[in-house]
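Report on the structure given below.
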Amino acid sequence: MALFDKLSGRLSGIFDRLRGRGVVGENDLHEAMREVSGPVVAIVLVLVSVFVPIAFLGGLTGELYRQFAITISISVVISGIVALTLTPALCVMILRNEHKAPWGFFRWFNRWFGRVTGRYVSGVTWMIRRGALGAVLFGGMVLITAGLWRATPGSLVPDEDQGFYIAAVILPDGASLQRTDAVTRQVTDILQKNPVNQDVVAFTGFDFLGGSFRNNAATIFVTQKHWDERDVTTPQLVGQFFMQTAHIKEALVLAFAPPPIFGIGTAGGYELYLQNRGDGGPAKTQEVLQQFLGRLNADPMLGGAQTLWRANVPQLRVDVDREKAKSLGVPIDEVFNTLASTLGYYYVNDFNRYGRTWQVLMSAEPQYRNRPDDIGAVWVRSERGEMVPLRSLANVRYSSGPDSLDRFNNLPAVKIFGQGAPGVSTGQAIARVEAIAAETLPADFSFDWGGASFQEKRSGGAGGLALAMAAIMVFLILAALYERWSLPISVLLALPFGTFGALAAVWVGGYVNMFLGRAPLANDVYFQIGLVTLLGLAAKNAILIVEFAVLKVREGYSAAAAAIEAARLRFRPILMTSLAFILGVLPLVISTGAGAGARHSVGTGVMGGMMAATFLAIFFIPLFFKILTDRRLRETRSASDLYAEVAEGERRSAEMHATAIAVMEGKR
């Protein structure tokens with residue numbers, strides 16, 4: 001799209017010289033290049049400058065920014081070189097003998113577009129003569145933009161329909177593996193009856209969320225058919241899954257989408273760790289945890305919070321009489337190694353067979369480790385070579401306690417995962433969880449974010465920093481090009497229009513998605529990348545007008561007349577390049593299937609921002625140029641006086657052009 005914009009701008013500059021002439025000569029080409037080469041160079045430098053700073057940001061968001069920054073910067077530089085070298089040569093070769101008067105539809109279109117241009121020029125003149133009103137309207141738009149920025153929900157990256165989701169089956173503590181497998185088969189039968197699902201793979205005894213193996217847990221991976229073969233999305237299937245399994249009372253059955261970025265977290269939504277900084281142990285942690293979960297699950301903005309940690313899991317406690325073991329000559333480590341290898345698994349060694357490496361794991365047969373009494377039937381060898389039964393050294397009793405003692409940031413912690421209610425972004429859910437934690441948690445408890453939630457909190461200010469650096473780079477580049485500090489401000493003042501349009505499009509698109517049952521749009525990383533792109537694109541339109549206005553001022557126009565004439569001359573190329581870009585990103589806005597969430601986020605913001613930068617900013621940019629050049633708001637002259645000055649300037653320009661051509665032809 002950047003290449004097409006440059007070529008369109010260059011072609012429009014050359015076609016301006018064709019009106020009233022039958023062929024394209026070298027003089028026309030030289031004159032067109034003199035007028036449009038400066039804006040092309042400025043546009044290339046600005047588009048590259050907005051992406052150079054963000055290429056050096058760190059963290060996950062910096063990596064995402066960097067991929068876009070390098071790709072777009074290289075493409076813009078190549079398109080600029082093509083626009084400055086190949087395009088003029090092609091115009092001379094193709095148009096020298098082929099340019100003809102337009103016919104039919106094109107004559108009608110040119111007449112219609114001429115009337116539209118006249119209306120646009122009248123609007124620009126009206127705005128220039130009412131500078132104070134224009135400043136008030138611009139200020140109101142900036143305030144609305146700031147309000148939309150604060151009201152737009154935040155997120156790290158949009159949730160995607162990745163073609164599969166994950167289900168978890170959690171039975172009561174102490175449930176056997178056979179009981180867990182029976183419930184898991186019941187769940188898989190329900191999943192296989194849905195014609196949209198393609199494959200259902202269950203792992204009984206695997207706790208995917210907790211990252212461990214447990215007899216009372218199972219994990220099920222459910223893949224769907226290709227996106228073209230189904231009308232429902234994965235999030236909708238997750239909702240159906242909850243309704244289809246609501247009658248299962250033997251277990252807690254959950255379903256969740258995979259994380260948007262693999263390797264960051266285990267599920268979509270939010271993830272945090274409740275940390276115990278005081279005393280009380282697991283019992284106190286369990287008490288605070290239940291209070292916290294109760295508040296989270298009762299909040300209407302949150303779609304439910306869960307944890308797989310329990311403080312009262314049935315256990316068998318083996319107390320070894322160390323003094324007696326020492327008196328009998330039985331090493332303590334030998335006792336524990338025997339227990340581990342009998343009741344669990346004991347690693348022996350590795351061996352190679354059939355081109356693979358296999359592990360040798362030792363364990364007792366199942367029938368010898370079914371009951372607590374079986375522990376006493378195990379024998380250990382003493383240092384004197386005698387066999388000693390464990391029942392004489394250990395006392396086995398029933399107890400309860402946590403199945404695991406995890407730590408996070410070197411503190412005893414419990415993992416909690418959940419998601420926002422339908423229509424609530426992850427940013428809003430995270431903010432609500434923080435508010436509830438501040439109200440609920442006692443002083444000796446705290447929490448910290450993990451997974452994608454941690455990355456989202458860490459990247460909270462990256463978008464504003466990227467926009468600020470991009471705006472500063474645009475200002476410095478334009479100040480160097482114009483050799484003035486004030487004139488680049490007229491270009492920078494066009495940037496808020498793109499931000500306003502992008503935020504308004506996301507706001508409207510969010511309501512449309514809610515009506516269609518899709519996830520709401522949010523201020524995520526992809527949207528922020530689109531905003532950075534909009535800075536360069538909005539500046540492009542402003543540069544086209546400001547650069548030509550500067551040329552007209554040098555030819556003797558007043559600032560107001562120069563702004564009007566520059567707006568008239570650049571109206572067609574601005575519309576041509578902007579509409580080409582808007583239509584180019586339209587497929588992103590309406591796309592479906594894999595990766596549609598990221599495309600919607602980028603496309604909706606860029607399309608809305610470009611529409612505002614095209615259809616709103618072009619009325620204000622001439623006003624900004626006039627105000628910053630004359631240093632006053634009011635324009636006392638009437639519209640007819642301004643048009644008369646423009647007409648006189650056109651007459652002088654035509655005479656100067658004819659004289660220049662005559663001189664160049666005379667030199668031949």
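Miscellaneous remarks
- Extension gain from Leu465 to Arg66, taking 0.36 nm per residue of separation minus the Cα-Cα distance: 142.2 nm
- Ellipsoid equivalent to the chain - semi-axes via the Cα gyration tensor, in Å: 71, 25, 23
- In this simple spin-label approximation, Asp321 and Glu383 carry label points 7 Å from Cα along the Cα→Cβ vector, and these lie 1.9 nm apart.
- Relative to the current alpha-carbon distance between Arg119 and Ala283, full extension at 0.36 nm per residue lengthens the span by 51.5 nm.
- Dipole magnitude for segment 313-401: computed about the Cα centre from +1 point charges on Lys and Arg Cβ and -1 point charges on Asp and Glu Cβ, it is near 140 debye.
- Ranking Trp126, Phe625, Pro282 by how far each Cα lies toward the positive end of the dipole of the chain (charges on Cβ) leaves Trp126 at the top.
- Stretchable slack from Trp126 to Trp149, in nm (0.36 nm times residue separation minus alpha-carbon distance): 5.2 nm
- Neighbourhood charge, 11 Å Cβ-Cβ cut-off, centred on Val525 and excluding it, Lys, Arg +1 and Asp, Glu -1: -3
- Shape category assigned to segment 313-401 from the gyration tensor of Cα positions, a/c cut at 1.5: oblate
- Cα gyration tensor shape for segment 502-661, rounded if a/c is under 1.5, else prolate or oblate: prolate
- Between the amide H of Ser400 and those of Gln315, distances stay under 5 Å, these residues lying 5 or more places away or on another chain, with hydrogens modeled in the peptide plane.
- For segment 367-422: span of alpha carbons on each principal axis (Å, largest first): 66, 29, 18
- Relative contact order (percent, whole number), the chain, Cα cutoff 8 Å, 6+ residue spacing: 20 percent
- FRET efficiency, 1/(1 + (r/R0)^6) with R0 22 Å, evaluated for Ile261 and Asp448 via beta carbons: 0.65
- Cross-link partners of Lys324 among aspartates and glutamates (Cα-Cα below 19 Å; sequence separation of 8 or more within a chain): Asp333, Glu334, Glu383, Glu386
- Environment charge of Pro258, counting only residues whose C-beta is closer than 11 Å and scoring Lys/Arg +1, Asp/Glu -1: -3
- Helices that extend 20 Å or more along their long axis by alpha-carbon positions and average at least 1.0 on the Kyte-Doolittle scale are, among the DSSP H runs of the chain, 59-95, 131-151, 462-482, 495-516, 525-554, 559-589.
- Per-pair calculated FRET efficiency, R0 = 25 Å: Phe56 and Leu579 via Cβ, rounded to 0.05: 0.15
- Total charge dipole magnitude, the chain, about the Cα centre, Cβ charges on Lys, Arg, Asp, Glu only, Debye to nearest 20: 2200 debye
- Candidate aspartates and glutamates - alpha carbon under 16 Å from Lys540, same-chain residues fewer than 8 apart omitted: Asp5, Glu35
- Pairwise label distance in nanometres, Trp507 with Asp189, each label 7 Å out on the Cα-Cβ vector: 5.3 nm
- In straight-distance terms, cross-link reach from Lys415 covers every one of the aspartates and glutamates whose alpha-carbon lies under 12 Å from its own, apart from those fewer than eight places away in the same chain; here that gives Glu271, Asp406, Asp448.
- Of Ser578, Ser490, the sequence from fewest to most neighbouring Cβ atoms within 10 angstrom is Ser578, Ser490.
- Other-chain or far-sequence residues with amide H under 5 Å of Phe447's (modelled H): Gln275
- Calculated [θ] (222 nm, deg cm²/dmol) that DSSP helices of n ≥ 4 give over the chain, each run adding -39,500 (n - 2.57): -19500 deg cm²/dmol
- The distance between label points at Ala639 and Val396 comes to 9.8 nm (points 7 Å beyond Cα on the Cα→Cβ vector).
- Debye intensity ratio in log₁₀ form over the Cα atoms of segment 396-522, taken at each q of 0.14, 0.15 Å⁻¹: -0.89, -0.95
- Counting other Cβ atoms within 10 Å as a rough exposure proxy, the listed residues Arg66, Arg356 run Arg356, Arg66 from fewest neighbours to most.
- For Met93, Met243, Met473, Met576, order by how many other beta-carbon atoms lie within 10 Å, fewest first: Met243, Met93, Met576, Met473
A short reminder: the numbers here are calculations on the coordinates, not readings from a lab. This one's a predicted model, so the numbers in the text were calculated from it and none came from an experiment. So basically every Cβ, Gly included, is an ideal-geometry build from the backbone, and we count neighbours across all protein chains shown.
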